[in-house]
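Student: Before I ask anything, here is the structure I am working with.
A short reminder: the numbers here are calculations on the coordinates, not readings from a lab. Everything numeric here is computed off the predicted structure, so don't read it as measured data. All Cβ positions, glycine included, derive from the backbone under ideal geometry; neighbour counts span all protein chains shown.
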Amino acid sequence: MKFADLHAGQVIEHGPASLTEAEMLAFARQYDPQWFHVDAERARTGRWGGLIASGWQTCGLAMRMATEAVLHDSESFGSPGLAWLRWPSPVRAGDRLSFRADVIDARVSASKPHIGIVRWRWRLLADDGREVLDLEATSFFDLAVAPTAAVRA
């Protein structure tokens, strides 16, 4: 998708995707080795009643889905950050998650007219209706990039 295709009020959906227990464990062991992500036995008796995915892995899954749905063939070149990030419910192995992005604003920068700016809200929703990720991101798009020279992921 190109910057010109994005507009306020637009809804973009993608998925579903899921994580296996092996994927959750591998990620958590390397990046977020808290017991409720890596110790199945202890996690079974903990607050969550079993292993849950790291929120950071959930963000990574959302990023992959946003890239597949929008960013892979765009002029996107980065982000200055997030306005907020929440993990309202845990992700478990096998949860089927769908990506939903609501475009809040898409505009050309007033001071740098070669930069497009998109503010959008990303959510990951489980098939059972649970919201497992909610964030607001800002993305930058290089409008000076020739259409045939767009950066590909």
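Student: Treating the angle as unsigned and between 0 and 90°, give the value, to the nearest 10°, between the Cα long axis of helix 55-69 and the longest Cα principal axis of the chain.
Tutor: The angle comes out at about 40 degrees.
Student: Return the FRET efficiency for the residue pair Thr67, Ala40: r is the Cβ-Cβ distance, R0 is 35 Å, and the value is rounded to the nearest 0.05.
Tutor: Calculated value: 0.70.
Student: Could I ask something else about it? Any chance you could give the angle, 0 to 90 degrees and rounded to 10, that helix 21-31 forms with the longest Cα principal axis of the chain?
Tutor: Result, in degrees: 70.
Student: Oh, and also: Which of the listed residues, Gly60, Val103, Pro80, is farthest toward the dipole's positive end in region 55-153, when Lys, Arg count +1 and Asp, Glu count -1 at the beta-carbon?
Tutor: Pro80
Student: I need to check one value: relative contact order of region 59-127, counting alpha carbon pairs closer than 8 Å and at least 6 residues apart, in percent.
Tutor: 31
Student: Enter the Cα centre distance for the pair region 110-133 and region 14-33, rounded to the nearest angstrom.
Tutor: Centre-to-centre distance over Cα atoms comes out at 21 Å.
Student: Something else about it: Once region 3-149 is represented by equal point scatterers at the alpha-carbon sites, with solvent omitted, what log10 I(q)/I(0) does the Debye formula produce at q = 0.15, 0.16 Å⁻¹?
Tutor: -0.78, -0.86
Student: Additional query: What relative contact order, as a whole-number percentage, does the chain give when Cα pairs under 8 Å and 6 or more residues apart are counted?
Tutor: Worked out over the chain, it gives 29 percent.
Student: About its Cα centre, how strong a charge dipole does the chain have in debye, to the nearest 20, once Lys and Arg get +1 and Asp and Glu get -1 at the Cβ?
Tutor: Values: 17 positive and 19 negative charges, 51 e Å.
With only Lys, Arg, Asp and Glu charged at Cβ, the dipole is about 240 debye.
Student: With r defined as the distance between the Cβ atoms of Val108 and Trp84 and R0 fixed at 30 Å, what FRET efficiency is calculated, to the nearest 0.05? The partial results should precede the final answer.
Tutor: Numbers: r = 25 Å, r/R0 = 0.82.
Calculated transfer efficiency: 0.75.
Student: Dipole of the chain (Lys/Arg Cβ +1, Asp/Glu Cβ -1, origin at the Cα centre): which of Trp122, Phe36, Val132 lies farthest to the positive side?
Tutor: Of the listed residues, the answer is Phe36.
Student: Sticking with this structure for a sec: Longest exposed-loop-site-free stretch of the chain, with trypsin sites (Lys or Arg not before Pro), DSSP loop and at most 12 other Cβ within 10 Å? Before the final figure, lay out each step's value.
Tutor: Numbers: sites that count: Arg47, Arg96, Arg152.
It runs 97-151.
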